[in-house]
Every structure is written in C-alpha cells, then in structure tokens.
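Reading through the structure tokens given below for one structure.
The values are calculated or read from the model by the stated rules, or taken from the named source; none is laboratory data. This one's a predicted model, so the numbers in the text were calculated from it and none came from an experiment. Ideal geometry is used to build each Cβ from the backbone, glycine not excepted, and the neighbour counts take in all protein chains shown.
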Amino acid sequence: MRLHSRYAVAGLSVLALLAAACSASPSSGSSGGTNWSTVTSAAAGGGMAKLIAAAKKEGTLNVIALPPTWANYGTIIKDFSQKYGIKVNSANPSGSSQEEVDAIKQENGTAAAPDVVDVGMSVAIANTSLFAPYQVSTWSSIPTAQKATNGLWYQDYGGYMSVGYDSKKFGAITSVSQLLGPKFKSAVALNGNPTQANAALNGVMMASLANGGSVSSIAQGVSFFQKLKQAGNFVPIQATSATVKAGTTPVVINWDYLNTASVVGDPNWKVFDPPNAILGGYYAQAINKNAPHPAAARLWEEFLYSQAAVGGQNLWLEGGARPVEMSAMTANHTINSGAAAKLPPVTGTPVFMSSAQSTNAANYLAAHWAQAVG
C-alpha cells in the first residue's frame, strides 16, 4: 500500500519518473484536428469514439504514486491497458500527493511528466493552476460537494478511519477506548507519523472524536495517544501489510479500505468503524494541463469514473474503497453488490474535515505531538 509519503502533509523531494516514460516523445495534444489538451469533455471533442482513437494513437499514459495494492490500482491499470492497448508508465508508486504535483512542475513540457494525478484534497485545492478542466461522462453522478464546478478536480474514492485488528488475538473491538487496556501491549500502530502522514493525522483525529472531541480540535486525540504510549500499547512504527502479516502491528488505525486490504483472505482480521467517530476522507483526480498524452489522460478519467462492471468505480469498490459515485450506482443498480456488502458497516454520522480544520490539526500536531508521544 502507499507508504507514509503517499499521505504527506508536507512536501518531500520528488523522485524521477520511470525511464520508460522519459524515452517517449511528448504529444502535440492534437489528433485529427482536435486539440485534446483543451477539451473539457468527451462530447466536446467529438465523442468517446474519437477520444479512444486519439488516446490509442498516443499509446502511452503516465501515472504516478499508484501502488498496485492501493484501492485495487494494480487491476485498474492492467484492465485499462488491456482494454485500450495503451502502455501505462507507473512511476514512484510509494510517492506522496505533494511529490505528484512536484513532478508536474519539474517535468513540465517533457514526455516524462505525469498525465494525471490522484491526490489528497489539500494538495488538489492548493494546485488547481496546474490542472486542466474536464468533466467525465458520469459527471452528474458525482455529488456536487465532491467536485470543483469548473472540473479542475473531482473526488474519486475514499472511506472512513477505522481500527483493523487480529480478532483471534484480541477478540472483538467495539470501542476505541478498549485500546488502552493491558492486552493491547505493544500492539497499536498508525500508518506513519501524524506530523508527516495525512492518514496518521486522520487516525489521531478519529481518536479525538471518539473521546469527545470535534473536527475543530485534535487535542483529545493527542492526549489519547499519549495515554497509549504511557500504557506501553503504542507501536511507533509505520504499519504496512508486511508488519500486519508479521504480527508486529496487530492493531492498526487507518482508512477502512486499507485496513480491509491489509490481510486479504485472513478471516481473523477484522475492521471496526467506530460509530461515535465516523471520520471520512476522499482523494481527488486531476489532469495535468500540460499532459504529454492529453487524450490518454482524459480516457483514463473516463475509465475511472465508468460505472461498468469492469470500470473504475466498481474496481475501486472491489479494492475495499467507497467510490464517489456509489449512491448513484446503488440507485441505478450498476454497483457490484457483492463487493459493497463486504465493506465495513458504518452506523454513525460521517464527518469530514475542511481544509482549514486539516491545517489546524497539522499545526497542532507539529507543536505538540513530539513532546506528548515522541
């Protein structure tokens, strides 16, 4: 899964794209008289058939920071490539959202630049000047609050902060406060340092909500983790699928779709979404306005937002993530009901941090986490 850098709150140095991408030649953006770099919808470019033809002619798509085990991206990339005969250059799979936009800036005008990005909302909102407006064919199925009206970004998939755990070792976990108990000695981990990793920051915020706090203050979450450390229950290492399988981190606070994917096929691994702390978060798609393969970039988005059985929305769902068009797909019966039934149950009222609240939380952690937790 994407490592702590994937969730980075602060920028990290950008890694180079794959050499395969560097060997390609940039597209002029035009095919058959259409300048795809300026096209704002498939219909505006003459329809899907023309978009597909132009993308196939380009023959290449550059993506970045998409680990194959993250939200089923391995299958998504493979299916897109096989369906359209387009080579996908997947660079820096463990990279951060900030590294994605850094790559756009540093590789601007070259064949190595990312065509598309999948980024956290704070990064998306801060970098709209780098993106091209585009509305996918299923635009009306994306809730209004989850897309920019001008099409510069649109949320794609997400989930809720959860507790993943080895039920054979601990039994059923029904509250966050249980984690302070003695049987959780050296057991509880986050996916990274919350002063650097957005998923970990949200884990601390979820703990704050579970202890009477609100999205306006993460202080009670820091206090909770201080108690976890004092009890000897907090494991100060980054939880990954490998650490879960090794038993090093038998309890992980992380997004539910990542917790679900941590130990695929293990009936003892359970995921609990605390009903008093349903904290949600979604990522967003955007197209590089100077994408070297503008038609392929737009076709990629059409694939990701397709409601077909083998389309991005259902494929994300099969990876344990909640696709942004889930409500519409449930209503029109295009959703993979079997995959939907496997999602951890959510019984509380979801809350989402605003950009300002996320910034405030990050600032508080920067000032208090090290002293309280280390």
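Assorted remarks:
- Residue that is surrounded by the most Cβ atoms within 10 Å (Cβ to Cβ) [pool: residues in segment 132-145 that are within 18 Å of the chain's Cα centre (by Cα) and outside any helix (DSSP H, G or I)]: Ile142
One line per residue, one yes/no per condition, for (1) touching a residue at least 12 places away in the same chain (Cβ under 8 Å); (2) buried (at least 21 other Cβ atoms within 10 Å of the Cβ); (3) in a helix (DSSP H, G or I); (4) in contact with a strand residue (DSSP E or B) (Cβ under 9 Å, 6 or more places away or on another chain):
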site: Tyr282; (1), (2), (3), (4): yes, no, no, yes
site: Pro292; (1), (2), (3), (4): yes, yes, no, yes
site: Ala295; (1), (2), (3), (4): yes, yes, yes, yes
site: Trp300; (1), (2), (3), (4): yes, yes, yes, yes
site: Ala308; (1), (2), (3), (4): yes, no, no, no
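- Residue ID - farthest from Lys183 (Cα to Cα), chosen from residues in segment 244-253 that are crowded, with 18+ Cβ neighbours inside 10 Å and out of contact with any Asp or Glu (no Cβ under 9 Å at 6 or more places or on another chain): Ile253
- Those residues of segment 230-247 which are touching a residue at least 60 places away in the same chain (Cβ under 8 Å), hydroxyl-bearing (Ser, Thr, Tyr) and not in a loop (DSSP other than H, G, I, E, B), in sequence order: Ser241
- In segment 266-274, the condition of being aliphatic (A, V, I, L, M) and either assigned to a strand (DSSP E or B) or in contact with a His (Cβ under 8 Å, 6 or more places away or on another chain) (or both) is met by at least one residue.
- No other residue among Ile77, Ile86, Ile52 is β-branched (Val, Ile, Thr) and under 23 Å from the mean Cα position of the chain (by Cα) apart from Ile77.
- Residue satisfying condition, being under 21 Å from the mean Cα position of the chain (by Cα) and touching a residue at least 12 places away in the same chain (Cβ under 8 Å), within set Asp166, Asp256: Asp256
- The residues in segment 248-264 that are at pLDDT 95 or above and either aliphatic (A, V, I, L, M) or in a helix (DSSP H, G or I) (or both) can be counted, and the count is 3.
Residue-by-condition table, conditions (1) at pLDDT below 95; (2) outside the structural domain of Asn288 (by TED's automatic domain parsing); (3) touching a Gly at 6+ places or on another chain (Cβ under 6 Å):
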{"position": "Ala148", "(1), (2), (3)": "no, no, no"}
{"position": "Lys185", "(1), (2), (3)": "no, yes, yes"}
{"position": "Thr195", "(1), (2), (3)": "yes, yes, no"}
{"position": "Gly203", "(1), (2), (3)": "no, yes, no"}
{"position": "Ser216", "(1), (2), (3)": "no, yes, no"}
{"position": "Lys227", "(1), (2), (3)": "no, yes, no"}
{"position": "Gln230", "(1), (2), (3)": "no, yes, no"}
{"position": "Gln238", "(1), (2), (3)": "yes, yes, yes"}
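- Segment 321-374, residues that are crowded, with 18+ Cβ neighbours inside 10 Å, under 22 Å from Ala124 (Cα atoms) and without any contact (Cβ under 8 Å) to a residue 40 or more places away in the chain: Met326
- Any hit, segment 199-218, residues being over 23 Å from Gly348 (Cα atoms) and touching a residue at least 24 places away in the same chain (Cβ under 8 Å): no
- Filter result for the condition that a residue is free of Cβ contacts under 8 Å to residues at least 40 places away in the same chain and not assigned by TED's automatic domain parsing to the domain that holds Thr359, over Gly120, Gly95, Gly109, Gly47: Gly47
- Filter result (small (Gly, Ala, Ser) and surrounded by fewer than 22 Cβ atoms within 10 Å (Cβ to Cβ)) within segment 84-131: Gly85, Ser90, Ser94, Gly109, Ala111, Ser122, Ala126, Ser129
- Strands (runs of 3 or more DSSP E) completely within segment 27-127 that count 2 or more residues being of a type in the set (Val, Ile, Thr) and in contact with a strand residue (DSSP E or B) (Cβ under 7 Å, 6 or more places away or on another chain): 60-64, 116-120
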